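Scroll down for the structure; my scribbles are underneath it.
The values are calculated or read from the model by the stated rules, or taken from the named source; none is laboratory data. On a predicted model such as this, the values are computed, not experimentally measured, just so you know. Note that each Cβ is placed from the backbone with ideal geometry, even for glycine, and that neighbours are counted across all protein chains shown.
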Amino acid sequence: MRLQLTPEAESFIDEWTDLKPYIVAHTSGSTGKPKEIRLLKSDMRTSARATIKFFGLNSDSLLYLPLSTGYIAGKMQIVRALEAGCSLIVEKPSNHPLDTPIDSRISLLPIVPSQIEALLSNPVREKIDSLIVGGAPIDSSTEQAVIKSGLNAYATYGMTETCSHVALRKLGDERFNALPGISFFIDPRGCLVINSSDMSFGVLTTNDIIELHNERQFSWVGRYDNVINSGGIKIFPEEIEKSISHLLPHGVKYYVSSRCNAKWGEEAVLVCDSDINDENILEKIKTIVSPMKAPKAVIIDPQMKLTDSKKIVRRKF
């Protein structure tokens, strides 16, 4: 076992090996102010072992971490390495991961969407056995680029409260598949409920609207908090965002939100952090999204806020 650590990672290992039965973590803050929570180390070990089993990790594996250990994704990669007894390299987080040349193959690499572009242009990607992407949804054009690269890549579904992911979706597929010990059902709102036979949370109700295929598979639709009700028609912003990503200029941050409408109650709008220089963008969107659900205006918001984990903070207009 070989460990190459940053001071931040060393600090987490000190906390991991102390006598407390828990570690202190913080939620991402994507749906409100970040909260401090205590995660049982036993739950984190259970989560780590499920990922180890899924990817076939062992003492000969090499894990790489280009994420902050201030968040659950970074913490859990370290726990996986410790549980598997394998080697681990931790680098200072940046949008250009794996800048340091490496000779060995990387068994598992977790990244966030903002790191994908640089990774795809890095020759080191050919040495990655498996890639997991979390923290935020991947837009369709970026997902296609990852698929074309030949990487064995998965999108993750989970949260701090579940000690990282409880399900994985192979890029190119629509369905998330449960990790060992996890099953799913749906509540009256159409939101996902997570059931664990091995972790202390037992049953956890989310605000994620899903299409449930069976107790171990679902397709993600969007956040219950973000649904727009326009004249009785439910509009799911995340569905629209995914379908129109190829129409927006590279590098523009955007999301679909709502504003008041005297007749319909609400109507969808497209919010961008900079001018997209396309006066026909709304008409183009209507060729992809039904006119009733398509955004009715473009709002430029140069002060668009991001959480510490780089998720867009949505607001209504």
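Odds and ends about this structure:
- Failed item in (1) free of Cβ contacts under 8 Å to residues at least 40 places away in the same chain; (2) part of a loop (DSSP other than H, G, I, E, B); (3) within 22 Å of Val166 (Cβ to Cβ), with Val24 passing the rest: (2)
- Annotation for region 32-41: no member residue is within 21 Å of Ile111 (Cα to Cα), part of a helix (DSSP H, G or I) and of a type in the set (Lys, Arg).
- Residues of region 191-236 satisfying the condition of being without any contact (Cβ under 8 Å) to a residue 60 or more places away in the chain, in a loop (DSSP other than H, G, I, E, B) and acidic (Asp, Glu): Glu215
- Residue match in region 92-105 (condition: surrounded by 16 or more Cβ atoms within 10 Å (Cβ to Cβ), among the aliphatic types (A, V, I, L, M) and in a strand (DSSP E or B)): no
- Residue within region 279-287 that is at pLDDT below 90 and part of a loop (DSSP other than H, G, I, E, B) present: yes
- Residues within region 127-177 that are of a type in the set (Asp, Glu), touching a residue at least 24 places away in the same chain (Cβ under 8 Å) and not in a loop (DSSP other than H, G, I, E, B), tallied: 2
- In region 180-227, the residues that are of a type in the set (Phe, Trp, Tyr) and farther than 15 Å from Val166 by Cβ: Tyr224
- On the stretch given as region 282-310, residues that are crowded, with 18+ Cβ neighbours inside 10 Å and either more than 26 Å from the chain's Cα centre (by Cα) or not β-branched (Val, Ile, Thr) (or both) total 4.
- For region 52-79, the candidate set comprises residues that are hydrophobic (A, V, I, L, M, F, W, C) and part of a strand (DSSP E or B); within that set, the residue that is surrounded by the fewest Cβ atoms within 10 Å (Cβ to Cβ) is Leu62.
- Evaluated against (1) aliphatic (A, V, I, L, M); (2) assigned by TED's automatic domain parsing to the domain that holds Lys296; (3) farther than 23 Å from Val313 by Cβ; (4) touching a residue at least 40 places away in the same chain (Cβ under 8 Å), Ile240 falls short on exactly one condition, (3).
- Search result, residues across region 1-29 that are within 26 Å of Asp198 (Cβ to Cβ) and within 19 Å of the chain's Cα centre (by Cα): Ala25, His26, Thr27, Ser28
- Test set (1) under 18 Å from the mean Cα position of the chain (by Cα); (2) at pLDDT below 95; (3) assigned to a loop (DSSP other than H, G, I, E, B) - Glu117 fails condition number: (3)
- Test: residue in region 239-255 that is over 20 Å from Gly134 (Cα atoms) and touching a Phe, Trp or Tyr at 6+ places or on another chain (Cβ under 6 Å): yes
- Against the list (1) over 21 Å from His250 (Cα atoms); (2) surrounded by fewer than 22 Cβ atoms within 10 Å (Cβ to Cβ), the condition Ile147 fails is (1).
- Comparison of Ser245, Ser309 shows that the only residue that is in contact with a helix residue (DSSP H, G or I) (Cβ under 8 Å, 6 or more places away or on another chain), among the small types (Gly, Ala, Ser) and modelled with pLDDT under 95 is Ser245.
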